[in-house]
1. Keeping to the stretch 52-65, report how many residues are in a helix (DSSP H, G or I) and touching a residue at least 24 places away in the same chain (Cβ under 8 Å).
2. Looking only at residues in the stretch 180-204 that are part of a loop (DSSP other than H, G, I, E, B) and touching a residue at least 24 places away in the same chain (Cβ under 8 Å), which one is farthest from residue 128 (Cα to Cα)?
3. From the list 32, 49, which one is modelled with pLDDT under 95, within 19 Å of residue 129 (Cβ to Cβ) and more than 16 Å from the chain's Cα centre (by Cα)?
4. Out of the residues in the stretch 104-127 that are in a helix (DSSP H, G or I) and touching a residue at least 24 places away in the same chain (Cβ under 8 Å), state the one that is farthest from residue 167 (Cα to Cα).
5. Is it the case that residue 35 is among the aliphatic types (A, V, I, L, M) and assigned to a strand (DSSP E or B)?
6. Quick test for you: out of 147, 176, pick the one residue that is more than 20 Å from residue 290 (Cα to Cα), touching a helix residue (DSSP H, G or I) at 6+ places or on another chain (Cβ under 7 Å) and not in a helix (DSSP H, G or I).
7. Select, from 226, 207, the only residue that is modelled with pLDDT of 95 or more, outside any strand (DSSP E or B) and over 21 Å from residue 125 (Cα atoms).
8. Would it be correct to say that residue 114 is surrounded by 12 or more Cβ atoms within 10 Å (Cβ to Cβ), in contact with an Asp or Glu (Cβ under 8 Å, 6 or more places away or on another chain), of a type in the set (Val, Ile, Thr) and closer than 26 Å to residue 203 by Cα?
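The values are calculated or read from the model by the stated rules, or taken from the named source; none is laboratory data. Keep in mind that this is a model prediction, so the values were computed, not measured. Glycine gets a Cβ as well: all are built from the backbone with ideal geometry, and neighbour counts include every protein chain shown.
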Amino acid sequence: MPFTLHTHSGQFCHHAHGTLEELVQAAVAAGLRTLGLSEHMPRQRVQDLYPEEANATPDSLHARFDAYVHEARRLRDKYANQLRILVGMETEYIYAEQATKVQALRARYSLDYVVGSVHHVHGHPIDFDAAMLAEAQTASGGTAETLVCAYFDAQRDMLHALRPEVVGHFDLIRRLMPRDTEWTEAVWQRVRENATIIASYGGLVEINTAAWKYGFADPYPQQAVIKILKAAGCRFTLSDDAHSPEQVAAFHNVRLRDYLARCNIDTVYALEPVDVASANGSAADGPFAKAQVVALDGIHHESFWTQAAR
């Protein structure tokens, strides 16, 4: 049952560490049964490159993504007897025209799924450093409220445009904001709107344990958000958002088990590869045609969920 659908390697991501094969080997060692590989899609504009990508170009990012897909499929075949590997990507949604690029990449590589994420507000990264977050806030109107509202507006547009199987770190805007930031009713209204959109097309919201690396009490999404998502009829999946082999399945143990219990989540969903869904004759019917139900009623007895944090 244990799985993750959101991972990155240093081989194909400038801010990660380790090779893609080391990531796969760590998943096998951790006892995962399904591993989703989801390197970032290439960005097309020079102004969207991060400082760590000083030597990169849009063309080199495209070449690197192509190499990623080929390596991921090699590893999928090599480790087929040890775990199921899905080959996907994490999207960027910086400007509306990127939607066309996302769909083109999906079609060209026949990707199993995408993780739909928002890392920018008005063109400024919101999870890189405090200075860039401040630029995003200024561009959004200058207040914490207008920044958070702008983030969820961008997420709404991404959801409409991409309809991703997995919605990445739903409330990532928390990452660098003051921990005592209070969300206004204008923010919560946007959370409810986005929850309704996700439920309407059958997307999966990831419970992303990466927030625990940064000392947050809750993963992404926080409990108050999960309550709204559940009320809207959203369903959930699991991810560690690993950026190194050591982070694979991080916190996917008793801590995650207990968080799911506190949120009254008793079922999560994994995904099937595109070819499996196609063989079942349901690949064109949306994300849930490819989803596998995973009941959690037995997790108290499964060793994976009761081990200490790695």
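1. Step one: list which residues in the stretch 52-65 are in a helix (DSSP H, G or I), which gives 52-53, 58-65.
Checking the rest, the ones that are also touching a residue at least 24 places away in the same chain (Cβ under 8 Å) come to 52-53, 64-65.
The number of residues fulfilling the criteria is 4.
2. Going through the stretch 180-204, the residues part of a loop (DSSP other than H, G, I, E, B) turn out to be 180-184, 202-203.
After this cut, where a residue has to be touching a residue at least 24 places away in the same chain (Cβ under 8 Å) as well, the list is 181, 183-184, 202-203.
On the way: 181: 18, 183: 21, 184: 24, 202: 30, 203: 26 Å.
Selected residue: 202.
3. 49 is the lone residue from the list that is modelled with pLDDT under 95, within 19 Å of residue 129 (Cβ to Cβ) and more than 16 Å from the chain's Cα centre (by Cα).
4. Across the stretch 104-127, the extreme among qualifying residues is 109.
5. yes
6. 176
7. That would be 226, the only listed residue that is modelled with pLDDT of 95 or more, outside any strand (DSSP E or B) and over 21 Å from residue 125 (Cα atoms).
8. Judged against the criteria, residue 114 is a match.
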